[in-house]
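The values are calculated or read from the model by the stated rules, or taken from the named source; none is laboratory data. Computed from a predicted model, the values in this text were never measured in an experiment. Here the Cβ positions follow ideal geometry from the backbone for every residue, glycine too, while neighbour counts run over all protein chains shown. The area values use the complete protein model at the heavy-atom level, side chains included, leaving out ligands, DNA and RNA. Shrake-Rupley method; radii C 1.70, N 1.55, O 1.52, S 1.80 Å.
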Amino acid sequence: MTDRRARGTSPAGRGDRRTSRAARSRPSHLDSPGRPAAAKRTTRRRPESTAGAKRKPSGKLTRNEHTILGLSTGKAVILAAVLCGLALTLAVPTRTYFSQRAEAAALAEQRAELDADLAALRDRRAQQQDPAYIRTEARDRLRLVMPGETPYIVQIPGIEAPAPPPMSTREAAPDPWYTDLWRSISEPAPEGPR
């Protein structure tokens, strides 16, 4: 009990006695009748939650609070809200960035294919502008000959082009009933001998 009084706290844990003494030793000119009652009272009380607080050896009060990652619960909640806000803010631009990177890679691959096709077409055009190539194609494909040459065509059995497949002898499917009905209405019936 004497230890508590020496520190200045009451057994109920309501605060420091020095603050009440300091309030009594206040100058009397502040207690003028023209001031409201709330303005007269200037002493600050410590919150009553310090009853469960412990004193460190340095004399400061510490509260028994729950901590998350070394932060108090309120600070941890605020930090989590800020991190969620940042994640939601960055989610859309990040998704856009990765989709554009994938699209850019696909377009680069497509461009490489088109460049290869363009190079092949340029080679083909240069080949077709060569007179020797034109002559050989005219001989092989069109069976043309130069003036003064005699053409010979050697036919070896089995090498010539295969014969076209024979026409199918399938019977035509019968017409549906409504076409027969329409034909019987639209065409006059043949007149037989009477």
Exercise for review: Mind giving me the nanometre distance, one decimal, between the label points for residue 87 and residue 66, set 7 Å out from Cα along Cα→Cβ?
Suggested key: 2.0 nm
Study note, to complete from the structure: Here, residue 141 and residue 96, labelled 7 Å along Cα→Cβ, have an inter-label distance in nm of 5.2 nm
Review point. Using a ≥ b ≥ c from the Cα gyration tensor of the range 64-194 (square roots of the eigenvalues), is it rounded, prolate or oblate, where a/c under 1.5 gives rounded and otherwise the larger of a/b and b/c decides, a/b for prolate?
Key: oblate
Review point. Counting other Cβ atoms within 10 Å of each Cβ, which trypsin sites (Lys or Arg not before Pro) in the range 83-180 have at most 11 and sit in a DSSP loop?
Key: 141, 143, 170
Check your understanding: Going through the range 124-194, which GluC sites (Glu not before Pro) have at most 12 other Cβ atoms within 10 Å and a DSSP loop state?
Key -> 149, 160, 171, 191
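Chymotrypsin sites (Phe, Trp or Tyr not before Pro), restricted to the range 117-194: which are DSSP loop and have at most 12 other Cβ atoms within 10 Å?
Details: sites: 133, 152, 177, 178, 182; in loops: 152.
Listed in order of number, the matching sites are 152.
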Check your understanding: How large is the accessible surface per residue of the range 90-146, computed with a 1.4 Å probe and reported in Å² as a whole number?
Key -> 91 Å²
